[in-house]
1. Would you give the gap between the C-alpha center of the stretch 193-269 and the C-alpha center of the stretch 15-59, rounded to a whole Å?
2. Per-residue counts of other Cβ atoms within 10 Å, averaged by peptide: what ranking do you get for 138-151, 222-235, highest first?
3. So for each of 85-94, 252-261 I average, over its residues, the number of other beta carbons within 10 Å; can you give me the resulting order with the highest mean first?
4. For the stretch 211-224, in order, what is each residue's ³J(HN,Hα) by Karplus, 6.51 cos²θ - 1.76 cosθ + 1.60 with θ = phi - 60°, in whole Hz (x at glycine and Pro)?
5. Pop a pseudo-label 7 angstrom from the Cα along the beta-carbon direction at both residue 257 and residue 87 and give the gap in nm to one decimal.
6. Can you figure out the FRET efficiency of residue 237 with residue 183, using R₀ = 25 Å and their beta-carbon distance, to the nearest 0.05?
7. At 222 nm, what value in deg cm²/dmol follows for the chain if DSSP H runs of at least 4 each add -39500 (n - 2.57) and the sum is divided by all its residues, to the nearest 500?
8. Residue by residue, what Karplus-based ³J(HN,Hα) values in Hz, rounded to whole numbers, does the stretch 162-172 have, using 6.51, -1.76 and 1.60 with θ = phi - 60° and x for Gly and Pro?
Amino acid sequence: MVLLLLASAVVGQAQFTYITNSGSITITGYTGSVGVVTIPSSVNGLSVTRIGQQAFFNNGILANVSIPNSITHIDDGAFWVCPNLVRVTIGTGVISIGERAFALSSLTNIVVPNGVTNIPSYTFNDCRRLAGVSLSTNTVFIDQEAFAGCSNLPGMVIPTSVRFIGTGAFSRCTGMTNIMIPDGVGIIEDFAFESCGALENVEIPRSVIFIGEGAFSRCGSLAEIKVSTNNACYTSVNGVLFTAPGDWLMQCPARKSGAYVVPEGVEHIANAAFQ
């Protein structure tokens, strides 16, 4: 039986290509023909700590991947364009996820470990079947188009640790009906929630000090944008978003209809304010 177990381990490891780096293993590719894959925690007595850049790029076989606790880094594009990848279990040891790591896959749910502080650009871009996301409670940055095009995502609970929502981070999330922006977020960049056509309610907390242009443009179901009365930088007048001095008109919700008179004192109308 011991011989069979050893033989099985060798066969399993032979399905992966890898390199040794400073006494640990980086997985660089997969040569197997099975869709359910468990990445080993060790190879030849060395710990597997990294999934390399584009290691599983454009793999049409993968359906279910288990990532062990030994993995600390999932590099750029590691599972980019895996059209049949429905499920990934990420080990608790992961502290870094790269750009486009899971973009253009068919993930339905994902749990981000607590060690991850940054969701980088395009991480889950165009994961159109993604319906559930549990973010790390230590997440600080949600970067450019991190969840853009996740059209099946109905909503998101953003942890209170988040300080930065990047350009287009949730753009084209057409199924999103609500978003809770927690007190603590300071920056909402350009087009962060652009084209979220089902989005109905938005409230800007007191902590926000910068909102980019078109952050809520093309949100066809949005009737008003609320702002905390304790916010020193922004205000809402009849559901329309202004800077607190009233000199910039930032966003008129798409569901506001009929005639609208721009108030006295407005000096600038932001790009895409009425888009």
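The values are calculated or read from the model by the stated rules, or taken from the named source; none is laboratory data. Since this is a predicted model, take the numbers as computed values, not measurements. So basically every Cβ, Gly included, is an ideal-geometry build from the backbone, and we count neighbours across all protein chains shown. The area values use the complete protein model at the heavy-atom level, side chains included, leaving out ligands, DNA and RNA. Shrake-Rupley method; radii C 1.70, N 1.55, O 1.52, S 1.80 Å.
1. Answer, in whole Å: 47.
2. Details: 138-151: 21.9, 222-235: 16.5.
For the peptides 138-151, 222-235, the packing ranking is 138-151, 222-235.
3. Details: 85-94: 18.1, 252-261: 12.7.
Top of the packing list down: 85-94, 252-261.
4. With coefficients 6.51, -1.76 and 1.60, one gets 10, x, 5, x, 4, 10, 6, 6, 9, x, 9, 7, 8, 7 Hz.
5. Those two pseudo-labels are separated by 4.5 nm.
6. Numbers: r = 22 Å, r/R0 = 0.86.
About 0.70, to the nearest 0.05.
7. On the way: 1 runs with 13 residues, N = 275.
The per-residue figure over the chain is -1500 deg cm²/dmol.
8. In residue order, the calculated couplings are 5, 10, 9, 10, x, 3, x, 3, 10, 5, 6 Hz.
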